[in-house]
Each structure stands twice: as structure tokens, then as C-alpha cells.
Amino acid sequence: LCTLHTFTIPFERMLIVRSFETWTHEEDVRRAVGLPLAAPDSARLRLMTDLAISALPAGLDRIGRPQPGRTARVVLTGPGGGTWQAPLERGADPGPTDARIVADAVRFCRLVANRLTEEELMADIKGDQMLAADLLAGARALALD
């Protein structure tokens with residue numbers, strides 16, 4: 001286990017967090033100097049999306065909107081994407097889908113890095129709209145200050 005920004009996490013997850021941070025700051029530099037943005041390779045992106053989805057309950061807790069007993073189906077498209085039946089409570093098993101969110105995997109990671117707004121994500125949302133809004137706000141809150 002390692003401590004990172006006051007969180008104790010397994011070493012493997014810490015490496016993914018560092019990869020996520022490095023990519024995010026590389027994109028910050030690219031924006032600053034007018035270069036085109038570059039997505040990570042699909043294998044690294046998949047690790048980042050898996051980590052972000054598993055951290056959604058922490059993001060919801062961080063914004064003070066926990067969602068015990070709720071589940072979201074998150075479909076991230078493109079390289080590094082996938083489909084998750086994500087319980088929104090730590091340690092819970094997924095239940096029936098309360099909300100479904102479909103978005104581009106790279107854009108979702110930029111949202112998690114707090115580099116896009118929920119509107120800029122351009123997600124397709126079905127089901128409980130308020131839950132989906134909370135989930136996206138929680139995802140954005142995962143970015144460490």
C-alpha cells in the first residue's frame with residue numbers, strides 16, 4: 001500500500017493514478033503551447049477508465065451526494081472504453097440500472113481530470129437524470145486539488 005494525496009491505495013493503483021496525472025498535465029502543456037491533444041494508448045486508457053469507474057463512489061462522497069444502493073451502467077466508447085455495471089456505494093454489488101451514461105472514453109477521462117465540464121462531455125443519459133448528474137459531478141470531483 002502507498003499513500004497518495006492522503007489516500008492509502010495499492011501500489012498498482014497508485015501507478016495508474018500517476019499515469020493519469022502525467023497524461024493530464026501533458027495535455028495542459030499541449031493546450032498552453034497550442035499543440036493538438038493526444039490520447040493515451042488504448043491499454044493505458046483502459047486502466048484509467050477502470051480506475052475512474054471504480055472510484056465513482058468516492059467522488060460521490062466527496063461532493064456530499066452518496067448514492068447507497070444505486071447502480072449506473074456506464075458505457076465508454078472508443079479505444080480504452082468498455083461497459084461497467086457500477087455500484088455507486090463502496091463495497092456494494094451492482095443492482096438494477098438506475099441510470100445509463102454513454103460517453104467517449106477519452107472525454108470521460110478529461111472530465112475525471114476536471115478538464116471538461118459535464119456539458120462538454122456530451123454524454124447520452126437515460127434513466128434517473130439527477131443520479132446521472134450527481135455521478136458526473138462526482139467523477140469530476142475525483143481530480144485532486
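Please say if the range 60-145 is rounded, prolate or oblate, where rounded means a/c under 1.5 for a ≥ b ≥ c the square roots of the C-alpha gyration tensor eigenvalues, and otherwise the choice is prolate for a/b larger than b/c and oblate otherwise?
Oblate.
Based on the alpha carbons, how large is the Rg to Rh ratio for the range 1-141 when Rh follows Kirkwood?
Taking Rg over the Kirkwood Rh, I get 0.96.
Taking the Cβ-Cβ separation of GLU119 and VAL33 as r and a Förster radius of 25 Å, what is the calculated FRET efficiency to the nearest 0.05?
For R0 = 25 Å, the calculated efficiency reads 0.45.
Percent of accessible area on the range 80-145 owned by carbon and sulfur, 1.4 Å probe?
Heavy-atom surface of the range 80-145 belonging to carbon and sulfur, 1.4 Å probe: 50 percent.
Choose one of ALA143, VAL33, THR97: the residue whose Cα lies farthest towards the positive end of the charge dipole of the chain (beta-carbon charges +1 Lys, Arg; -1 Asp, Glu; about the Cα centre).
It is VAL33, whose Cα lies furthest towards the positive end.
Which net charge results when you count Lys and Arg as +1 and Asp and Glu as -1 among the other residues whose beta-carbon is under 14 Å from that of VAL29?
With Lys, Arg at +1 and Asp, Glu at -1, the neighbours total -1.
Go through the range 31-45 residue by residue and turn each phi into a ³J(HN,Hα) via Karplus (6.51, -1.76, 1.60, θ = phi - 60°); whole Hz please, and just put x for glycine and proline.
4, 5, 9, x, 8, x, 6, 10, 6, x, 4, 4, 5, 5, 4
About its Cα centre, what dipole magnitude does the chain give when the only charges are +1 on Lys and Arg Cβ and -1 on Asp and Glu Cβ, stated in debye to the nearest 20?
Result for the chain is approximately 100 debye, rounded to the nearest 20.
What is the log10 of I(q)/I(0) for the range 13-85, computed with the Debye formula using one identical point scatterer on each Cα and no solvent, at q = 0.12, 0.17, 0.26 Å⁻¹?
For the requested q values the scattering log ratios are -0.42, -0.77, -1.16.
Rounded, prolate or oblate, given the Cα gyration tensor of the range 1-51, with a/c below 1.5 counting as rounded?
Because a/c hits 1.5 or more and a/b fails to exceed b/c, the range 1-51 counts as oblate.
Leaving ligands and nucleic acids out of the surface, order MET48, MET122, MET14 by accessible area at 1.4 Å, largest first.
From most accessible down to least: MET122, MET14, MET48.
So, in Å, what gap is there between the alpha-carbon centers of the range 63-120 and the range 1-62?
Centre-to-centre (Cα) distance: 15 Å.
Among LEU60, ALA123, VAL75, pick out the residue whose Cα is farthest towards the positive end of the charge dipole of the chain, where Lys and Arg carry +1 and Asp and Glu carry -1 on C-beta, about the Cα centre.
Of LEU60, ALA123, VAL75, it is VAL75.
The values are calculated or read from the model by the stated rules, or taken from the named source; none is laboratory data. None of these values were measured; they are calculated from a predicted model. No Cβ is skipped: glycine too gets one built from the backbone with ideal geometry, and neighbour counts run over all protein chains shown. Remember, those area values only see protein heavy atoms, side chains included, never the ligands or the DNA or RNA. Shrake-Rupley method; radii C 1.70, N 1.55, O 1.52, S 1.80 Å.
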